[in-house]
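**Q** One structure follows; several queries about it will come next.
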Amino acid sequence: MTVTIRPAVTAADRRAFVDLAWALYADDPNWVPPLKSEVHGLLDPKKNPWFEHAEAAFFLAERRGKPVGRISAQVDRLVLEAPPEQGMGPGTGQWGMFEAADEEAAASLIARAEQWLRDKGMTRAQGPFSLSIWDEPGLLVKGHDHAPTVMMGHHNPAYQAWVEAAGYKGVKDLVTYELDITYDPPPLVRRLLTSGGRDPSIVIRKVDKSKFDAEAAIILGILNDAWSDNWGFIPLTDAEIAYAGKKLKPIVFEDLIRIAEVDGEPVAFMITLPDLNELTRDLNGSLLPFGWAKLLWRLRKPKVRTMRVPLMGVVKRLQSSRLAGQLAFMMIERIRLASVANYGATRGEIGWILEDNSGMVAIADALVTNINKVYRVYEKPL
């Protein structure tokens, strides 16, 4: 039957846009229902400060009045201002929030997003980004056989063929590494830990949650320096930092976030989060009527199988030095020990990491990890 595409503009449309995932993934044992309040907040210009420098349109695909797909199309001023050699820049429009029941719906949705981007003067389309590279970037092309960790996407395996059939080519893979965190450190890592422990200039400290804003400013300062040359890097605005901090504060645990100082100067950080998906999966996306109480109780002293490392970084001037790796392993070891002892975790996931980030790939290889998920960013000229 013919698919029709229409903008999702009313409150009822937005509910249908969000709720569609529950219908499409009802039989997928590895899909984890997101909290609906979080998804609605992402799409709401009144709540999400990303809209201060970007605009987006949301579209529903319907067949006989029943939703069978969705997509966003977005233009971000900060993406347009990014250096072209870092993968984005002038003329780059993006799409995301992509879900479809079949290839016909997928093709129609992608075509509609492309037309919206052309109408905005864009000359190439990238996707998926839901909604930015700091949210859920890339299409899952490997690792559909196990559940995603907190803040990572999960997609129907058929989507890869449908996106590529629409003329898209992969431009960058974002990978995650998994490892058994009950291990004894390999000999090379043990030597680095021993020598680092003897160096009085190095301090690896926990964050102080009572000084959350100041600690967040230190971490974001290191992040903006460490990641500034990376493919796809888009700086977070002050409003976005405050928004992210407000959302993350309830799941910040002091022994899981470390800052490395050398001669009193903060030069590296590592953020680790308990896999919140393990704690919310049975809530089916709703905090009402009693989901919020269950979640608050579970967050008091969470016990999880998996810890995720979404962010770590070392200031640019140290990145090619032996000290950079040493600091990374010292932070990893302290967080590993805390994760096992205090949270009962046995598994870690590091990422996402750019496929060609040689420094992070070397660290992952030294820890005897394996790539468990690959998220691919696609691109097409318009």
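Bear in mind these aren't lab numbers, they're just calculated from the coordinates by the rules spelled out. Keep in mind it's a predicted model, so treat the numbers as computed, not measured. Glycine gets a Cβ as well: all are built from the backbone with ideal geometry, and neighbour counts include every protein chain shown.
**Q** Return a whole-number percent for the relative contact order of the chain, with Cα pairs under 8 Å and 6 or more residues apart as the contact set.
**A** Relative contact order, the chain: 23 percent.
**Q** At 0.36 nm per residue, and after removing the present C-alpha to C-alpha distance, how many nm does the segment from Val368 to Asp238 gain when stretched out fully?
**A** Gain in length upon complete extension: 43.1 nm.
**Q** Rounded to the nearest 20 debye, what is the charge dipole size of the range 178-376 about its Cα centre when +1 sits on each Lys and Arg Cβ and -1 on each Asp and Glu Cβ?
**A** The dipole magnitude comes to about 700 debye.
**Q** Another question, if that's okay. Return the Cα extents of the range 4-172 along principal axes one, two and three, sorted largest first, each rounded to a whole Å.
**A** 42, 35, 30
**Q** Enter the angle in degrees (range 0 to 90, nearest 10) between the Cα long axis of helix 187-197 and the first principal axis of the Cα atoms of the chain, meaning the one along which they spread out most.
**A** 70 degrees
**Q** Still on this structure, I have one more. So for the pair Ala111, Glu261, with labels modelled 7 Å out along Cα→Cβ, what separation do we get in nm?
**A** Taking the simple label geometry, Ala111 and Glu261 are separated by 6.1 nm.
**Q** Another question, if that's okay. Can you tell me what the convex hull of the Cα atoms of the range 311-382 projects to on average, as an area in nm²?
**A** Values: hull surface 27.1 nm².
For the Cα atoms of the range 311-382, the hull's average projected area reads 6.8 nm².
**Q** Further, regarding this structure: Note down, for the chain, the three equivalent ellipsoid semi-axes (square root of 5 times each alpha carbon gyration tensor eigenvalue), biggest first, whole angstrom.
**A** 36, 23, 19
**Q** Kindly provide the Kirkwood hydrodynamic radius of the range 6-99 in Å, to one decimal, from all pairs of distinct alpha carbon atoms. If you can, show how the numbers build up before the last one.
**A** Details: mean 1/r = 0.0680 Å⁻¹.
For the range 6-99, the Kirkwood estimate is 14.7 Å.
**Q** Using only the Cα atoms of the range 178-376, what are the Rg and Dmax in Å?
**A** 17.0, 53
**Q** Just the number, please: percent antiparallel of the DSSP beta bridges in the chain, rounded to the nearest 5.
**A** Antiparallel: roughly 90 percent of the beta bridges in the chain.
**Q** Okay, moving on. Under a point-charge model restricted to the Cβ atoms of Lys and Arg (+1) and Asp and Glu (-1), what is the dipole moment magnitude of the chain relative to its Cα centre, in debye to the nearest 20?
**A** 800 debye
**Q** Please give the helix 103-119 orientation as an angle from the longest Cα principal axis of the chain, in degrees from 0 to 90, rounded to the nearest 10.
**A** 80 degrees
**Q** Related question: Report the gain in length on full extension from Lys301 to Glu355: 0.36 nm times residue separation, minus Cα-Cα distance, nm rounded to one decimal.
**A** Full extension from Lys301 to Glu355 adds 16.0 nm.
**Q** Still on this model: According to a simple spin-label model (label point 7 Å from Cα along Cα-to-Cβ), what is the distance in nm between Asp135 and Leu382?
**A** 1.7 nm
**Q** A further question on this structure: If each of Ser321 and Leu248 carries a label point 7 Å out from its Cα toward its Cβ, how far apart are those two points in nm?
**A** Here the modelled spin labels are 2.5 nm apart.
**Q** Just the number, please: Stokes-Einstein D of the range 199-298 in µm²/s, Kirkwood Rh from C-alpha pairs, 37 °C, 0.692 mPa s.
**A** Translational diffusion coefficient: 210 µm²/s.
**Q** Taking 0.36 nm per intervening residue step and subtracting the Cα-Cα distance, what contour gain separates Phe290 from His40 on full extension?
**A** Working: separation 250, 0.36 × 250 = 90.00 nm, distance 1.93 nm.
Length gained between Phe290 and His40: 88.1 nm.
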